[in-house]
Structure formats: structure tokens, C-alpha cells
């Protein structure tokens with residue numbers, strides 16, 4: 001049993017993670033500025049940029065962030081404030097409170113449109129948005145920390161109760177919402193963009209192993225290692241929705257990456273990840 005603080009614990013990933021860790025009999029504390037409803041774990045309503053005291057916490061999973069790439073381009077100051085200043089604040093609080101480990105939610109966005117496919121952890125970092133820059137700076141702050149840290153570079157996380165807005169795999173809930181409402185799915189670009197999707201239930205299992213691990217790499221890709229195009233997503237959804245409308249195509253958005261596919265050999269050698277949920281099963 002561990003005392004685990006999850007920042008951003010009221011978000012999509014945070015809620016799933018808090019539930020998973022709570023079910024494993026850990027003492028879970030969610031820190032978020034937007035808690036709603038009753039939860040069986042402790043909730044603290046605060047901003048990660050606040051001055052925090054974290055005595056008694058064994059590990060922090062730092063998920064709190066402004067996660068939308070388009071929003072980061074429209075309002076870079078907000079993104080850098082939440083994502084960089086917030087991370088710096090969490091590290092300072094951890095160092096002064098004797099926290100043993102910080103697991104940081106970084107992102108595949110740090111690689112940009114990489115020439116190396118699949119992308120290993122040592123690929124050059126080519127940020128294409130303020131969001132990506134904020135994650136690179138967060139990783140650097142972690143490397144300079146006195147606390148044991150690991151930056152998990154999330155690729156496209158998806159699963160139940162995911163918002164249609166925001167970052168990560170927002171394309172999936174957006175498509176599912178369109179199908180449910182008999183509307184066209186909107187594809188930005190030509191649909192040949194490749195994404196590496198990982199189901200939320202696999203992600204939280206891996207994060208739990210990271211919390212428990214004695215030794216961790218400084219950065220680690222968290223993905224399935226399988227590529228799926230946006231057009232393939234449409235085809236998979238169409239298999240169970242035969243009256244689905246043809247998609248609507250619009251221009252590519254600034255900051256969007258064409259091919260995002262992870263090399264997960266380091267992930268496999270670090271953790272026992274088991275058999276991951278495939279995209280067809282995950283969308284069912």
C-alpha cells in the first residue's frame with residue numbers, strides 16, 4: 001500500500017488511474033482544480049501552481065496539464081504557465097516534503113514529425129507546438145530534480161468517458177460522438193495520418209508498475225507499438241455502424257503531426273506489459 005498523489009486526478013486519465021490505484025488498496029489523493037461528485041478517495045481542490053505541502057506522500061503521478069495542442073497555439077502563455085510553472089511547483093513541493101518518486105505525464109508530441117519510425121526514446125525532439133515545448137521543459141526540470149523521476153511519453157490514450165475536447169486521442173471520442181448523433185466525422189487532412197493508440201486500462205496498469213519499480217529510465221514511450229490511420233478508424237467504426245455517414249474532410253490544423261508511432265522495446269524490457277488491448281477490441 002502506498003500513499004499516491006495524482007495531480008489532474010479529476011481528468012480522463014486521472015479518474016481511471018485513481019480508481020485503479022484505489023481498487024488496489026492504495027491511499028489515493030486526487031489534486032485537481034475541478035473535482036465533481038463524490039469519490040471513494042481523498043480529493044484536494046487546488047491548482048498545481050499553488051504552494052503545496054505534500055508530507056506523507058510516497059509517489060506523485062503528475063498528470064495535471066493544459067493538454068490541447070490547438071489551444072496551446074492560440075494561448076501559449078496559459079499552456080506554459082500551467083504545464084511548466086505547475087510542474088516546477090510540484091517538483092519543489094516533492095523535494096521539500098520527502099516524496100520518493102514523481103511519474104510525469106509527458107507526450108509523444110515532443111518528437112514532432114520524426115524521421116525515425118517507429119520512434120525510440122533517443123530520437124531528436126522537434127516540438128511543433130507550445131504544448132510540446134512545455135512537455136520538453138517539464139522533462140528537463142525532472143532531470144534536474146533531487147527526487148527519483150520518470151517521464152512517461154504518452155502516445156494516443158483512449159477509453160471510456162473521454163471528453164470530445166482536449167488532447168490525447170480526442171479524435172476517437174469526437175468520431176464516436178458524431179456517429180451517435182448521426183453526424184459526419186470530421187477528418188483534418190487526408191486521413192492518412194498514423195496514430196499509436198493505447199487503451200486507458202493498459203495505461204493505468206503500466207503507471208502502477210512505474211510507481212512500484214525500483215529502477216526506471218528517465219524517459220519511456222507508453223504506447224501499443226501499432227499504427228492506425230485515421231481512415232482505418234473510420235472503417236473500424238463503420239463495421240458496427242452500417243448507416244454511418246461519409247466523413248467530412250477539412251484542412252490540416254497547425255501543430256498536427258502526420259506519423260506518430262512508438263518504438264516500445266524499452267517499455268517491454270522495463271515492465272511486464274502483457275497483451276495490450278487492440279484498437280478493434282478497445283473501440284467495441
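Since every read-out is calculated from the coordinates, none of them should be taken as a lab result. Quick caveat: nothing in here was measured; it's all calculated off a predicted structure. FYI the Cβ positions are ideal-geometry reconstructions off the backbone, even for glycines, and counts take in every protein chain you see.
Computed values, structure above
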{"read-out": "Virtual spin-label span in nm between residue 45 and residue 212, 7 Å along Cα→Cβ", "value": "3.5 nm"}
{"read-out": "Stokes-Einstein D (µm²/s) once Rh is taken as the Kirkwood radius of segment 28-79 over alpha-carbon pairs, at 20 °C in 1.002 mPa s", "value": "164 µm²/s"}
{"read-out": "FRET efficiency for residue 25 and residue 177, using Cβ-Cβ distance with R0 set to 45 Å, rounded to 0.05", "value": "0.80"}
{"read-out": "Rounded to whole Å, sorted largest first: equivalent-ellipsoid semi-axes of segment 92-183, Cα gyration tensor", "value": "30, 19, 10"}
{"read-out": "The chain: angle of helix 200-212 to the longest principal axis, Cα-based, in degrees nearest 10", "value": "20 degrees"}
{"read-out": "Cut-off 11 Å (backbone N to label point 7 Å along Cα→Cβ of residue 232), residues of segment 183-208", "value": "193-197"}
{"read-out": "Two-site FRET efficiency, residue 258 against residue 33, from Cβ-Cβ distance with R₀ of 30 Å, rounded to 0.05", "value": "0.35"}
{"read-out": "log₁₀ of I(q)/I(0) at q = 0.08, 0.11, 0.14 Å⁻¹ - the chain, Debye sum with one point per alpha carbon", "value": "-0.32, -0.61, -1.01"}
{"read-out": "Inter-probe distance in nm under a simple model that places probes 7 Å from Cα toward Cβ, at residue 58 and residue 161", "value": "2.4 nm"}
{"read-out": "Relative compactness, segment 1-132, computed as alpha-carbon Rg over 2.2 N^0.38 Å", "value": "1.12"}
{"read-out": "Considering only the chain, percent of DSSP beta bridges that pair antiparallel, nearest 5", "value": "10 percent"}
{"read-out": "Cα-based helix-to-principal-axis angle, 171-180 vs the chain, degrees rounded to 10", "value": "50 degrees"}
{"read-out": "Cα long-axis angle, helix 230-239 against the chain (0 to 90 degrees, to the nearest 10)", "value": "70 degrees"}
{"read-out": "Convex hull projection area averaged over all views, segment 69-140, Cα basis, nm²", "value": "5.3 nm²"}
{"read-out": "Full-stretch length increase - residue 186, residue 74 - with 0.36 nm per residue and alpha-carbon distance subtracted", "value": "38.3 nm"}
{"read-out": "Percent RCO, i.e. relative contact order, over the chain, from Cα pairs under 8 Å lying at least 6 residues apart", "value": "18 percent"}
